[in-house]
1. Using the Kyte-Doolittle scale, which helices in the chain average at least 0.0 and also have C-alpha atoms spread 20 Å or more along the helix axis, with helices defined as whole DSSP H runs?
2. Given points 7 Å out from each Cα along the Cα-Cβ axis, report the H337 to S129 separation in nanometres with one decimal.
3. Per residue, what accessible area does the range 120-171 have, given a 1.4 Å probe and all protein chains present, in Å²?
4. Kindly flag which residue pairs out of K89/K277; K257/K277; K89/K287; K21/K229; K138/K191 have an alpha-carbon separation exceeding 32 Å in this structure.
5. L77 to D40: extension gain in nm, 0.36 nm per residue of separation minus the Cα-Cα distance?
6. Ranked highest first by the average count of other Cβ atoms within 10 Å around their residues, in what order do 172-180, 271-279 fall?
7. Between Q136 and D196, 0.36 nm times their residue separation minus their Cα-Cα distance comes to what?
8. Rg and Dmax of the chain over Cα atoms: what are they, in angstrom?
Amino acid sequence: MNESASLKSERILLIRMLSVKDAATIGVAAFRHFRQAFPDSHIDFLTFGDGVDIIKLIDPDITTFSLPAHAWPNDLLVAIEAFLGLAEKIIPNQYSQIVNLDTAFMPCFLARFLHDAGENVAGDMLNISVQSLFSQFKEQSLKPEFVQSTEYYMQSTFSGMSRLHSRWWDTQQQFDAGFTEFYLRECCGFKNIDIDVRIPTEHLPAAKSPIFLNDKGNSGVQDSIEHPKTIALCLTDAHDGYAYPYVLELKHVLEAKGYRVWTNAQSKLPLLEMLSKVSAADLVVTKPGESQWYGTAVGCLTLLISASESPLLSMPDYATEQTERCPVHCPFTQSNHEQCCCDKPEELADGIESIFTELSR
């Protein structure tokens with residue numbers, strides 16, 4: 001999309017659907033950028049599932065389109081039907097510009113359908129017409145890899161999108177906001193974008209105050225002067241396919257050191273409640289995954305257990321050293337004859353203690 005184009009008093013639709021993390025990073029930063037670049041334009045947003053709650057925190061009055069989590073099935077034909085339903089809602093709004101920032105197959109299908117229907121679409125889309133896609137499906141000539149890899153199905157009006165699959169984090173060019181900044185600046189070409197992914201916390205549900213037993217055996221709210229550091233262990237998901245295996249052990253070691261610790265390992269909290277709890281913590285510990293953006297979103301320090309992923313991909317506040325996939329716990333490399341290479345709970349706890357010591361100086 002040409003950012004110098006005149007879109008005053010026009011209507012723009014932004015699309016970012018992949019996951020709530022994508023909505024909260026790329027989606028939020030892009031929305032703020034477009035709102036600043038085109039202050040007189042009306043900007044709507046298409047996202048997925050809990051992504052609506054994130055976008056609404058940025059602008060409660062924004063018009064959003066979405067698919068609930070259950071409405072994006074694995075069955076291609078059923079998914080196509082759901083996305084065609086979205087198109088029926090989008091086209092009557094007569095957008096002056098539709099910008100697809102998503103690289104997943106179905107949003108790219110939607111963008112191509114809208115393009116073929118005469119809409120002014122920029123960004124990522126299928127590299128074949130919708131009619132051609134349907135013909136190949138009917139003739140059973142559609143190859144599985146076509147719907148599985150952006151390298152096969154995607155084309156883009158963004159000139160830098162060819163860098164998407166490069167090892168950009170291994171180059172000399174550094175991106176303070178990791179992939180979010182790389183994608184929006186280098187792939188999409190928004191060179192002057194301010195990467196702002198913080199969400200306001202005043203509209204989050206209030207986090208419950210910690211309860212303790214005082215010296216008289218009565219329960220009450222912990223005095224702020226005596227309040228120990230609170231650590232959030234958000235370690236139930238990870239990009240590499242396996243959660244951190246020693247969550248409870250780490251929790252016990254940290255509690256023995258005097259920290260307050262809570263973990264999301266026992267139950268899945270609603271998104272806004274989770275963000276509220278993280279915002280009340282002093283440090284959030286994660287692996288690379290959906291929960292990694294929690295701390296950044298609400299201004300809480302983040303310690304990343306890097307595992308096999310380079311911390312340069314996300315640029316957390318703190319990170320452990322990158323390792324190989326664990327041969328014991330990773331389902332893709334499991335072996336009974338190898339030793340676990342996951343970070344040990346005691347070493348992590350010592351590292352966390354050193355973080356707070358450093359911050360107190």
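1. Span-like helices, by this rule, are 76-90.
2. Those two pseudo-labels are separated by 5.7 nm.
3. Per-residue accessible area for the range 120-171 comes out at 61 Å².
4. Details: K89/K277 36 Å; K257/K277 21 Å; K89/K287 38 Å; K21/K229 26 Å; K138/K191 42 Å.
Correct reply: K89/K277; K89/K287; K138/K191.
5. So the chain would gain 9.4 nm between L77 and D40.
6. Numbers: 172-180: 15.7, 271-279: 20.1.
Descending mean neighbour count gives 271-279, 172-180.
7. 17.4 nm
8. 22.6, 78
The values are calculated or read from the model by the stated rules, or taken from the named source; none is laboratory data. Quantities reported herein were computed from a predicted structural model and do not represent experimental measurements. Don't worry about glycine lacking a Cβ; one is built from the backbone with ideal geometry, like all the others, and counts go over all protein chains shown. We work out accessible area using only protein heavy atoms, side chains counted, and drop any ligands, DNA or RNA first. Shrake-Rupley method; radii C 1.70, N 1.55, O 1.52, S 1.80 Å.
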